[in-house]
Amino acid sequence: MAEEAVAIFPCVLQVLPGSVLLSCNPIVLRVEVIEGKLRVGTPLCIPLIKFMDIGCVSSVEINHIPVDDLVEQGQRANIQVVASNPQESKIAFGTHFGMQDKLVSRITKKSDRILINRHEADMNLGDIELLYKLDFLFKILDPKKVLDPKKVPQKYRSFIEEVMKKPLNL
């Protein structure tokens, strides 16, 4: 897999009412980016349903125009989510998850490193905060170790402490 393919931007998506075009593989929905940035190739899951993986974003359209770049916070887009394994291919909107469930990018430790090393310029402070929140949610980072004064400079500990005080909107 190419390095570019594993740079997963952190995002939280809300499915918009009355916008489900296809309910099972591929799932086609209209979403709003609540936090972070969305791009084609992003694997999605639903943390509140046992971190259920639903597939990867295979295409994004805004106003019926394909988008290859990032979809920013506050923007609305149509997305197609394609299963990446047999288990995901059985998941259907309306049966396994619904309008009330937030879709979240399934980040990994490897994707974090590549994102920071190669795409730091594409991220703002809000994106970095969301990345930390998702790192804690997916247990990529241990809050106790992140705040260890022997390992992390004070200026970063203060930032991380502030991030930890803000709840993730799921």
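The values are calculated or read from the model by the stated rules, or taken from the named source; none is laboratory data. Predicted model only: the values in this text are computed from it and were never measured. Glycine also receives a Cβ, built like all others from the backbone with ideal geometry; neighbour counts cover every protein chain displayed. Ligands, DNA and RNA are stripped out before the accessible areas are found, and what is left, the full protein with its side chains, is counted by its heavy atoms. Shrake-Rupley method; radii C 1.70, N 1.55, O 1.52, S 1.80 Å.
What the table shows:
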{"read-out": "Unmet criterion (only one of (1) aliphatic (A, V, I, L, M); (2) without any contact (Cβ under 8 Å) to a residue 60 or more places away in the chain; (3) open to solvent by 70 Å² or more (accessible area, probe 1.4 Å)) for V60", "value": "(3)"}
{"read-out": "Residue in segment 48-71 that is closer than 21 Å to E129 by Cα and hydroxyl-bearing (S, T, Y) present", "value": "no"}
{"read-out": "Qualifying positions in segment 63-81 - of a type in the set (A, V, I, L, M, F, W, C) and open to solvent by less than 50 Å² (accessible area, probe 1.4 Å)", "value": "V67, L70, V71, A77, I79, V81"}
{"read-out": "Residue selected from segment 108-130 under the condition assigned to a helix (DSSP H, G or I) and free of Cβ contacts under 8 Å to residues at least 24 places away in the same chain, by the criterion surrounded by the most Cβ atoms within 10 Å (Cβ to Cβ)", "value": "I128"}
{"read-out": "Flag if I34 is in contact (Cβ under 8 Å) with a residue 60 or more places away in the chain, open to solvent by less than 30 Å² (accessible area, probe 1.4 Å) and under 19 Å from K133 (Cβ atoms)", "value": "no"}
{"read-out": "Members of segment 63-80 found to be touching an Asp or Glu at 6+ places or on another chain (Cβ under 9 Å) and among the aliphatic types (A, V, I, L, M), listed by number", "value": "V67, L70, A77, I79"}
{"read-out": "Residues being part of a loop (DSSP other than H, G, I, E, B) and either surrounded by 14 or more Cβ atoms within 10 Å (Cβ to Cβ) or basic (K, R) (or both) - total across segment 82-96", "value": "4"}
{"read-out": "In segment 44-57, residue most open to solvent (accessible area, probe 1.4 Å) [restricted to those that are part of a strand (DSSP E or B) and of a type in the set (A, V, I, L, M)]", "value": "M52"}
{"read-out": "Of residues in segment 3-57 being among the polar types (S, T, N, Q) and out of contact with any Asp or Glu (no Cβ under 6 Å at 6 or more places or on another chain), the one nearest to Q100 (Cα to Cα)", "value": "S19"}
{"read-out": "Some residue of segment 142-158 being open to solvent by 80 Å² or more (accessible area, probe 1.4 Å), closer than 28 Å to G41 by Cβ and not hydrophobic (A, V, I, L, M, F, W, C)", "value": "no"}
